[in-house]
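Coordinate-derived values only; no laboratory data. From a predicted model like this one, the values you see are computed outputs, not experimental measurements. Here Cβ is always computed from backbone atoms with ideal geometry, including for glycine, and neighbour counts include all displayed protein chains.
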Amino acid sequence: MVQQSKNKILLHACCGICSGYPIKLLQESGYEVVVYFCNPNLDTEEEFQKRLKAQQEVCKESDTRLITEEYNHDEFLDYIKGFETEPERGLRCDKCIELRLKHAGKKAKELGIELFTTSLVISPHKNFEKISNIGTNIAEELSINYLPKNFRKNDGFLKTNIISKRLGIYRQNYCGCEFAKPNL
């Protein structure tokens, strides 16, 4: 009997911390996970590289393919133009999520992967329904599918933090853009 190949899914990863448990859960659910690191929102190249290194560690640990999009902060600034003064979790954040999920959907389609999702939803600081709606709308535009998986369920946020602490990876203290950066 021929064994069926696993279903592929593209997981947009915002950072190594947030992606650890989603990768594990998706793999345990029978998916072949391809991680897509696309984060033009990050305020500096240095921050991008720190988070990328953490993501590489998580992917190495989970034996997961990683695709990295080049850092292009100007694209983010152009995309959110006019929304710079919006409060955290406001319209600027919606635009930021939309930009990254558009990239993820297009990358999935380019790779022939019919399903994508994001690790963004594991954060208790993010709105699961809002992100799921953005992802679903993008998927419809691209004629692919978005998996609205709530990775926070069953202590997902705790589990992803345990994975990241065990790996000793970089732990950031802000979402990523200069507008969300705490005054240190």
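Details
- Each Cα pair under 8 Å and six or more residues apart adds its separation to the average, and for region 113-184 the resulting relative contact order is 30 percent.
- Per-residue HN-Hα couplings for region 36-51 [Karplus 6.51, -1.76, 1.60; θ = phi - 60°; Hz; x = Gly/Pro]: 10, 9, 9, 9, x, 6, 5, 5, 9, 4, 4, 5, 4, 5, 4, 6
- Span from the region 56-94 Cα centroid across to the region 122-157 one, whole angstrom: 15
- Charged neighbours of Lys81, selected by a Cβ distance under 13 Å, balance to -3 (K, R count +1; D, E count -1).
- Net lengthening on full extension, Leu158/Gln56 (0.36 nm per residue, minus Cα-Cα): 34.7 nm
- The chain - mean residue ellipticity at 222 nm from DSSP helices (-39,500 (n - 2.57) per run, n ≥ 4, rounded to 500): -15000 deg cm²/dmol
- Rounded if a/c under 1.5, otherwise prolate or oblate - region 126-184, Cα gyration tensor axes: oblate
- Once the C-beta distance of Ser29 and Arg65 is scaled by a Förster radius of 22 Å, the resulting FRET efficiency is 0.80 to the nearest 0.05.
- Rounded tilt (10° steps) of 156-167 against the dominant C-alpha axis of the chain: 90
- Electrostatic dipole magnitude of region 1-152 [Cβ: Lys, Arg +1; Asp, Glu -1; Cα centre; debye, to 20]: 520
- Between helix 128-142 and the chain: long-axis angle, C-alpha atoms, 0 to 90°, nearest 10: 70
- Net charge of Cβ neighbours under 10 Å - reference Pro40; Lys, Arg +1; Asp, Glu -1: -4
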